[in-house]
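Worksheet: the structure to be examined is printed underneath.
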Amino acid sequence: MAALLIAGGTVVTPRRIGEANLLIREGKIAQVGKLGGQAKRVAAQGLLVLPGAIDAHVHLDLPVAGTRSADDWATGTRAAAAGGVTTVIDFTIGAPDAPLPDQVARRLDEARAAAVDFALRAEMVGWTPDRVDELAAAAERGVRSFKFYLAYASSGRRTSLGTLRRAMEAIRDLGGTAMVHAEAEELVDAAGGPFPAVRPALAEEVAIAEVGILARETRCPTYIAHISTGRGAVALRAAQRAGAPLVGETCPHYLLLDEAVYARPDGHRFSVVPPLRTAADREALWQALRRRQFQAVATDHCPFTNAEKDAHRDDPTHLPSGLPGVETLLPLLYSEGVAKGRITLRDLAWYLSEGPARAFGLWPGKGGIRPGADADLVLLDPGAKWTVRAQRLHTRTDFSPYEGMTLRGRVMGVLSRGEWLVRDGEILAPPGRGRFIPWG
Ligand SMILES: [Zn+2]
């Protein structure tokens, strides 16, 4: 592979912004600065050069409610590439009767069509403390983050606080991270469907407080998934102040949408767990982002088609929950966050790249623009405008929660390990080129 010089762009990291040239050699960033010399030159004047985005929370090809999420590994990772996401973190398919290393092997097999690099997290379903050795066996296969649910008792996915505590002690010893879906089951009426009246903000706040105490006691690095409420962000902060190694994520849909959509005739298509909240919650989450109180913005990408949601329109208990997101993550956070002055460009590089990379063992190989890191880069035209149309996106659903929104900033180029996934707006990203990135 010939050396490549990305010349004249504005390079963005969480600490600095400035014009710099990047020399890429053998898939890695070789040098950053005022360079010239023998390399194929890519003119990046007028473009922002961002670290490739890492979507730390996606569900490709996931069995849900009698169907599967609409994107498989090929379509979902092509959509990721189109949106400037160069690494996704997906999950094993948790099952109470299969050893974790077998679940990892099965998922790695399914992921062969990936177009972007990926990591895996073990979904912990029906795990019991007598299976502690399986955590180390999963870590040996490169999976050191483990996801637990405090809700979903009826489908057998709920983990008790006692079991979670035992798992966290073991994960701490492995140098890994526990990820928790924080909703207190006792405060949820699951029969009412994926809506705020039955999945209240209180359930999130209580669960984050509980997990924060466990994290403080066990010293296990812990990551709260999809924080949807202002009170949830406050509970996260309180736990951090009390010394808990607790961090959190929020998602674009909690920043940009609120419960008003449920009153629309197509409101059921916005079903997601946790549900969309109030306009005040949206504002509180932006404020927390502005203060760098989260570790990542990730999407919980789990699309369904309109037909799949419409079939259960009047049957909330069978309505599949989940929204598409991976393709619009970076464009939305740039347009609605940076271009509107809610967060800075440096914040963007933290939330989409360095923050998730550091939380999940990808740093320093991924998530930064520095010598030795993988050349995973996004060239973004900050002035271009475009309108979101589900039919023009690459994810395999005919629904976008952001349909008709006009966004500022367009992904023009994407490099993964120095290879073009998107060039001059054209999507290349062949399936199967993505690599599994083991943690440790
Ligand atoms: Zn999820």
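The values are calculated or read from the model by the stated rules, or taken from the named source; none is laboratory data. This one's a predicted model, so the numbers in the text were calculated from it and none came from an experiment. Heads up, the Cβs are rebuilt from the backbone with ideal geometry, glycines too, and the neighbour counts pull from every protein chain shown. Note: areas computed on protein heavy atoms with side chains; ligands, DNA, RNA excluded. Shrake-Rupley method; radii C 1.70, N 1.55, O 1.52, S 1.80 Å.
Yes or no, residue by residue, for (1) assigned to a helix (DSSP H, G or I); (2) assigned by TED's automatic domain parsing to the domain that holds I171; (3) open to solvent by less than 10 Å² (accessible area, probe 1.4 Å):
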residue: G248; (1), (2), (3): no, yes, yes
residue: L255; (1), (2), (3): yes, yes, yes
residue: Y262; (1), (2), (3): yes, yes, no
residue: P265; (1), (2), (3): no, yes, no
residue: H268; (1), (2), (3): yes, yes, no
residue: V272; (1), (2), (3): no, yes, yes
residue: P275; (1), (2), (3): no, yes, yes
residue: D281; (1), (2), (3): yes, yes, no
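I need the full set of residues from the range 52-101 which are away from the ligand (no atom under 15 Å from the Cβ), acidic (D, E) and under 21 Å from L428 (Cα atoms), in order please.
Hit for the range 52-101 is D72, nothing else.
Say we look at the range 411-427 and pick out the residues that are outside any strand (DSSP E or B) and open to solvent by less than 70 Å² (accessible area, probe 1.4 Å); which of these is farthest from D117 (Cα to Cα)? Give the derivation first.
Looking only at the range 411-427, we keep the residues that are outside any strand (DSSP E or B), and these are 417-418, 424-425.
From what is left, the residues that are open to solvent by less than 70 Å² (accessible area, probe 1.4 Å) are 417-418, 425.
Details: R417: 9, G418: 12, G425: 20 Å.
Across the range 411-427, the extreme among qualifying residues is G425.
Does the range 189-218 hold any residues that are more than 16 Å from the ligand (Cβ to nearest atom), touching a residue at least 12 places away in the same chain (Cβ under 8 Å) and assigned to a loop (DSSP other than H, G, I, E, B), and which are they?
Listed by number, the residues that qualify are G193, F195, P196, P200.
Confirm whether G175 is of a type outside the set (D, E, K, R), more than 16 Å from the ligand (Cβ to nearest atom), closer than 21 Å to L362 by Cα and surrounded by fewer than 16 Cβ atoms within 10 Å (Cβ to Cβ).
On the way: of a type outside the set (D, E, K, R): yes; more than 16 Å from the ligand (Cβ to nearest atom): yes; closer than 21 Å to L362 by Cα: yes; surrounded by fewer than 16 Cβ atoms within 10 Å (Cβ to Cβ): yes.
Considered against the rule, which asks whether it is of a type outside the set (D, E, K, R), more than 16 Å from the ligand (Cβ to nearest atom), closer than 21 Å to L362 by Cα and surrounded by fewer than 16 Cβ atoms within 10 Å (Cβ to Cβ), G175 comes out as yes.
For the range 1-30, which residues satisfy the criterion of being open to solvent by less than 50 Å² (accessible area, probe 1.4 Å) and part of a loop (DSSP other than H, G, I, E, B)? So that I can check it myself, show each step before the final result.
First, pick out the residues of the range 1-30 that are open to solvent by less than 50 Å² (accessible area, probe 1.4 Å): 3-14, 18, 20-24, 27, 29-30.
Once the filter is applied, which keeps residues that are open to solvent by less than 50 Å² (accessible area, probe 1.4 Å) and part of a loop (DSSP other than H, G, I, E, B), the range 1-30 yields A3, T13, P14, G27.
For the range 338-350, name all the residues that are under 18 Å from L407 (Cβ atoms), in a helix (DSSP H, G or I) and touching a Pro at 6+ places or on another chain (Cβ under 8 Å).
Scanning the range 338-350 gives a single hit, D347.
Determine whether V273 is touching an Asp or Glu at 6+ places or on another chain (Cβ under 9 Å), within 16 Å of the ligand (Cβ to nearest atom) and within 17 Å of A191 (Cα to Cα).
Values: touching an Asp or Glu at 6+ places or on another chain (Cβ under 9 Å): yes; within 16 Å of the ligand (Cβ to nearest atom): yes; within 17 Å of A191 (Cα to Cα): yes.
So V273 fits the description; yes.
So that you can scan it fast, the table gives a plain yes or no per residue for (1) assigned to a helix (DSSP H, G or I); (2) aliphatic (A, V, I, L, M):
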position	(1), (2)
T75	yes, no
A81	yes, yes
V88	no, yes
A95	no, yes
R107	yes, no
R112	yes, no
A115	no, yes
L120	no, yes
L135	yes, yes
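Take A296 and decide whether it is in the same structural domain as A74 (by TED's automatic domain parsing) and more than 16 Å from the ligand (Cβ to nearest atom).
Working: in the same structural domain as A74 (by TED's automatic domain parsing): yes; more than 16 Å from the ligand (Cβ to nearest atom): no.
The answer is no for A296.
Which of the following residues is touching a Cys at 6+ places or on another chain (Cβ under 8 Å) and either away from the ligand (no atom under 16 Å from the Cβ) or assigned to a loop (DSSP other than H, G, I, E, B) (or both): S335, S353, S321? Before the answer, list the steps.
Details: S335 fails: touching a Cys at 6+ places or on another chain (Cβ under 8 Å); S353 fails: touching a Cys at 6+ places or on another chain (Cβ under 8 Å).
The match here is S321.
Quick check on R342: is it surrounded by fewer than 23 Cβ atoms within 10 Å (Cβ to Cβ), over 22 Å from T10 (Cα atoms) and basic (K, R)?
no
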